[in-house]
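The values are calculated or read from the model by the stated rules, or taken from the named source; none is laboratory data. Keep in mind the model is a prediction, meaning the values are calculated, not measured. Cβ: placed from backbone, ideal geometry, glycine included. Neighbour counts: every protein chain shown. SASA here: full protein model, heavy atoms, side chains in, ligands and nucleic acids out. Shrake-Rupley method; radii C 1.70, N 1.55, O 1.52, S 1.80 Å.
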Amino acid sequence: MTVLDSRPGRISPAEGEPNVLVTDTGVSMSPVEDLGEGRGPAWLDDWLKANAGDVIAWRRHIHANPELSRKEFNTTELVAGLLRSVGLKPRILPGGTGLICDVGSGPRCVALRADMDALPLSENTGLEFSSTVDGVSHACGHDAHTTVLIGAALALAAATELPGRVRLIFQPAEEVMPGGALDVVAAGGVDGVERIFGLHCDPRLQVGRVGTRIGAITSASDLLELRLTSPGGHTSRPHLTADLVHALGTVITGLPTMLSRRVDPRSATVLVWGAVHAGQAPNAVPQDGVLSGTLRTGDRDIWAELEPLVKDLVTGLLLPTGVGFDLHHRRGVPPVVNDRESTMLLRAGIEAALGDDALAGTEQSSGGEDFGWYLEHVPGSFARLGVWNGVEKQRDLHQPTFDLDERALLVGVRVMVHAALAALA
């Protein structure tokens with residue numbers, strides 16, 4: 001029987017035992033089907049045949065032991081240990097979580113990136129390897145992203161020769177703004193890199209398919225918090241004070257409307273309020289209130305112009321009300337805008353890894369993703385990895401029930417490896 005040894009995530013096969021794996025969470029299973037088996041190169045086929053069970057075990061270990069943004073210490077040590085076990089020399093980021101590591105040699109370098117952090121969300125999947133941490137889970141698939149890159153790293157390290165260097169970026173803190181990608185950039189993570197590639201789980205795509213798109217694939221995402229102030233008063237005499245609740249309503253309905261008239265509608269710019277708090281008594285005009293929401297756009301140039309525009313519109317809306325305000329506009333992440341040439345190379349890698357049928361289109365998402373920070377410095381492409389098994393109900397990201405078809409892990413390893421090879425060819 002194949003079992004985990006004393007180091008989390010390491011696999012030690014016992015001679016003569018059946019090809020079954022037991023993780024440190026006590027879960028047994030057979031290695032999953034490799035949908036790209038036999039497509040080469042030979043060293044990749046051999047590595048996956050020998051280590052498919054290990055890949056599943058790594059993912060299940062990480063899934064059962066999730067860590068929040070910038071607290072990914074154990075995950076970082078697990079990854080670093082696995083990389084060191086094959087002779088690589090990972091460099092942990094200054095914050096203590098996340099790491100960078102090169103495999104191969106030569107002046108040319110392309111990067112592969114995965115994020116590592118979990119969400120502050122309880123899991124409700126019923127899996128045997130469910131989260132063991134209360135209120136924390138890998139409901140966005142970052143456990144899969146990390147595992148895919150571990151597999152790609154170790155497979156690349158097993159190659160007899162590579163056409164250049166591949167930089168492995170295991171990034172912390174994608175789920176918070178402005179995001180751990182900035183930590184990687186500050187640590188020199190993209191210095192000397194020609195192109196960068198990344199994958200994200202997509203529960204709308206069937207396993208074995210990968211969605212690509214030239215141009216914007218995600219949106220910029222900012223946070224708005226508007227604090228209003230008023231002298232307060234009695235609701236029977238609103239003319240003697242500044243009606244704060246009415247002013248809140250004016251902004252709630254007026255700001256999205258005004259933005260739709262001041263911004264190109266083709267940019268997919270949308271403001272949605274998520275929370276409003278003001279007052280307690282039905283017959284009292286409150287003295288303060290808070291309104292908060294998210295502002296998203298798919299256009300990089302418009303994103304740069306939104307902060308002053310929003311402030312001007314809020315000023316105009318509130319001026320007649322006499323209510324004071326303090327606007328906190330927290331810029332988040334830029335949209336991920338895929339470079340054409342990088343996307344074509346990624347598509348070539350997907351075809352080589354899985355065949356023509358694996359290629360799928362994908363729509364631009366209104367969600368944010370800090371991979372966009374890398375593309376401010378180096379061209380690259382970000383794709384969607386199909387994780388739906390095609391049978392069960394699709395379970396969306398950031399939901400307590402999210403799960404994935406583990407065949408997608410081996411698909412991801414093949415795609416990442418072939419993307420790097422295509423870019424270095």
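Brief remarks follow.
- Loop-located GluC sites (Glu not before Pro) across the stretch 330-377 with a Cβ neighbour count of 15 or fewer within 10 Å are Glu363, Glu376, with loop assigned by DSSP.
- The stretch 120-242 shape via C-alpha gyration tensor axes, a/c threshold 1.5: prolate
- Cα long-axis angle, helix 73-84 against the chain (0 to 90 degrees, to the nearest 10): 30
- Per the Debye formula on identical point scatterers at the alpha carbon atoms of the stretch 35-139, with no solvent, log10 I(q)/I(0) at q = 0.12, 0.21 Å⁻¹ is -0.53, -1.21.
- Among Gly106, Gly349, Gly372, the largest mean-square fluctuation in a Gaussian network model of the chain, built with springs joining Cα atoms closer than 10 Å, belongs to Gly106.
- Counting 0.36 nm for each residue step from Leu223 to Arg39 and taking away their Cα separation leaves a gain of 61.7 nm.
- Sorted peptide list for 156-167, 92-103, criterion being average Cβ within 10 angstrom, highest first: 92-103, 156-167
- Centroid-to-centroid separation of the stretch 191-263 and the stretch 289-313 [C-alpha atoms, Å]: 7
- C-alpha long axis of helix 244-262 to longest principal axis of the chain, angle in °: 60
- The share of accessible area on the stretch 215-341 that comes from carbon and sulfur is 53 percent, using a 1.4 angstrom probe.
- Rounded if a/c under 1.5, otherwise prolate or oblate - the stretch 247-386, Cα gyration tensor axes: prolate
- Solvent-accessible surface of the stretch 355-425, taken per residue with a 1.4 Å probe and all protein chains present: 37 Å².
- Those lysines that a straight Cα-Cα span of less than 16 Å connects to Lys49, excepting residues fewer than 8 apart in one chain: none
- With every protein chain in place, the stretch 126-189: carbon and sulfur % of accessible area (1.4 Å): 49
- FRET efficiency for Glu341 and Val276, using Cβ-Cβ distance with R0 set to 41 Å, rounded to 0.05: 0.35
- Surface exposure of the stretch 60-125, expressed per residue as accessible area with a 1.4 Å probe, stands at 40 Å².
- Eligible lysines near Lys71 by straight Cα distance, threshold 27 Å, same-chain separation 8 or greater: Lys89
- Top of Met344, Met258, Met116 by mean-square fluctuation, Gaussian network on the chain, Cα under 10 Å: Met258
- When the alpha carbon gyration tensor of the stretch 196-272 is reduced to an equivalent ellipsoid, its three semi-axes come out at 44, 15, 11 angstrom, largest first.
- Taking 0.36 nm per residue of separation and subtracting the Cα-Cα distance, full extension of the segment from Val133 to Asp326 would add 65.7 nm.
- Of Gln206, Gln171, Gln287, the one that fluctuates the most in a GNM where the chain has Cα springs shorter than 10 Å: Gln287
- Using alpha-carbon coordinates, inclination of helix 407-424 to the longest axis of the chain, degrees: 90
- Summed side-chain charge close to His377 - residues other than His377 whose Cβ falls under 15 Å, Lys, Arg +1, Asp, Glu -1: -2
- Among Arg84, Arg266, Arg330, the sequence by solvent-accessible area, most first, with a 1.4 Å probe is Arg266, Arg84, Arg330.
- Of the beta bridges in the chain, as assigned by DSSP with both residues counted there, near 65 percent are antiparallel.
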